[in-house]
Amino acid sequence: MNRSELPDGTGMLFLWNEEGIRSFWMSNTFFGLDVAFMDANLRIVDIQQMEAESTNIHSSARPAMFALEVPFGWLARHNVSVGDTAELVLGPL
């Protein structure tokens, strides 16, 4: 990833054509991230916190079609938890 920061209120959304077990690691990522794995209905099926520069593999506990990475601790600060449903809004707010 080779980034030095991810500003609060921003994130990275990953999507796949179908659900499956998804895995991430933090090599070359110099700050911690939360990742929320979501199914095809945008229901959060797993949340994990990933430490900076770790080579530990973080695999979703259940099949996921989307993954959202946000700054470390962001999901807890905003009371986001497994079972919640995300809303995907494309375009200007």
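The values are calculated or read from the model by the stated rules, or taken from the named source; none is laboratory data. Just so you know, these numbers come straight off a predicted model, no measurement behind them. Each accessible area value is taken on the protein alone, full model and side chains, heavy atoms only, with ligands, DNA and RNA left out. Shrake-Rupley method; radii C 1.70, N 1.55, O 1.52, S 1.80 Å.
Between Phe30 and Phe72, the contour length at 0.36 nm per residue exceeds the alpha carbon distance by 14.0 nm. Stretched out straight at 0.36 nm per residue, the stretch from Ser59 to Glu87 would grow longer than its current Cα-Cα span by 7.8 nm.
If you look at the Cα atoms of the chain, you get an Rg and a Dmax of 12.7, 36 Å.
When the surface is traced with a 1.4 Å probe over the full set of protein chains, Glu18 keeps roughly 120 Å² accessible. Across the stretch 1-52 the C-alpha pair distances fall into 10 Å bins from zero in the proportions 20, 53, 26, 1 percent. One decimal place: the segment Ser4-Glu18 gains 1.9 nm when fully extended, by the rule 0.36 nm per residue minus the C-alpha distance.
Here the chain carries DSSP beta bridges of which approximately 95% are antiparallel, counting only pairs with both residues inside.
By a 1.4 Å probe calculation restricted to protein chains, Thr55 has an accessible surface near 90 Å², given to the nearest 10.
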